[in-house]
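Peer 1: Provided herewith is a single structure, encoded as structure tokens, for subsequent inquiry.
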Amino acid sequence: MRRRRVLPVLAVLLALAACTPQQDEDTSVDSLLTRIPAADRQAAPDLSGTALDGGRVRLSDYRGKVVLLNVWASWCGPCRAEAPELSQAQRHLAAKGVQVLGVDTDADRSQGRAFAGDHRLSYPSLYDAGGRQLVHRLPGKYLGRALPYTLFVDRQGRIAAQAVSGLTEADVRALTRPLLGEKS
């Protein structure tokens with residue numbers, strides 16, 4: 001009987017601990033970032049589907065913009081910390097050609113909707129239960145092993161970088177600046 005109570009709690013604690021790579025004060029976002037030279041970039045798959053707000057969303061609709069494809073789940077602590085930062089980045093950088101597009105991997109859409117409302121997300125999020133679409137459409141080397149993770153898609157629709165940690169607005173500004181400077 002006691003074992004039945006401990007196992008669910010242990011499972012939740014392990015999931016939260018594995019949510020994202022541990023960062024200490026000496027770890028910069030650059031150490032958790034993989035940049036891809038323009039000549040080596042692959043086209044991002046055209047993910048599409050229903051957004052949390054019920055509308056349709058498609059990655060290719062943002063061609064010509066630098067897109068942050070941010071993969072998250074409502075139960076992920078680092079995702080919760082990152083969400084307001086990405087909303088700020090969306091508000092401040094949209095006019096420069098940056099678009100944040102979330103990918104909610106929650107098993108239940110209502111959890112993602114609640115998260116988006118609680119955090120007042122200023123960007124759309126594609127609902128992808130369990131990350132099924134990502135698993136089938138993204139090349140394996142771009143699948144994150146923990147949440148949150150973000151793919152940076154250049155103006156031509158190619159994967160330009162991958163961050164495997166939570167991002168701040170300052171990180172987003174620094175990481176998108178060179179991509180915004182590239183010619184289409």
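Peer 1: Does any residue of the range 35-56 turn out to be more than 21 Å from residue 160 (Cα to Cα), of a type in the set (A, V, I, L, M, F, W, C) and part of a strand (DSSP E or B)?
Peer 2: yes
Peer 1: Considering only the range 57-84, state which residues are over 19 Å from residue 168 (Cα atoms) and either modelled with pLDDT under 95 or not in a loop (DSSP other than H, G, I, E, B) (or both).
Peer 2: 57, 58, 59, 60, 61, 62
Peer 1: Taking only the range 34-83 into account, find how many residues are crowded, with 20+ Cβ neighbours inside 10 Å and free of Cβ contacts under 8 Å to residues at least 12 places away in the same chain.
Peer 2: 0
Peer 1: In the range 75-83, is there at least one residue being farther than 24 Å from residue 161 by Cα and not charged (D, E, K, R)?
Peer 2: Yes, that holds for at least one residue.
Peer 1: Residue 171 is checked against (1) surrounded by fewer than 20 Cβ atoms within 10 Å (Cβ to Cβ); (2) out of contact with any strand residue (DSSP E or B) (no Cβ under 6 Å at 6 or more places or on another chain) and fails just one. What number does that condition carry?
Peer 2: The single condition residue 171 does not satisfy is (1).
Peer 1: Now, a different point. Restricting to the range 136-170, name every residue that is under 14 Å from the mean Cα position of the chain (by Cα), at pLDDT below 95 and part of a helix (DSSP H, G or I).
Peer 2: Answer for the range 136-170, where residues must be under 14 Å from the mean Cα position of the chain (by Cα), at pLDDT below 95 and part of a helix (DSSP H, G or I): just 142.
Peer 1: Follow-up question, since we're still on this one. Listed residues 120, 158, 137; which is of a type in the set (Lys, Arg), in contact (Cβ under 8 Å) with a residue 24 or more places away in the chain and at positive phi?
Peer 2: Matching residue, one of 120, 158, 137: 120.
The values are calculated or read from the model by the stated rules, or taken from the named source; none is laboratory data. For clarity, every value in this text was computed on a predicted model and none was experimentally measured. Backbone-built Cβ (ideal geometry, glycine too); neighbour counts: all protein chains shown.
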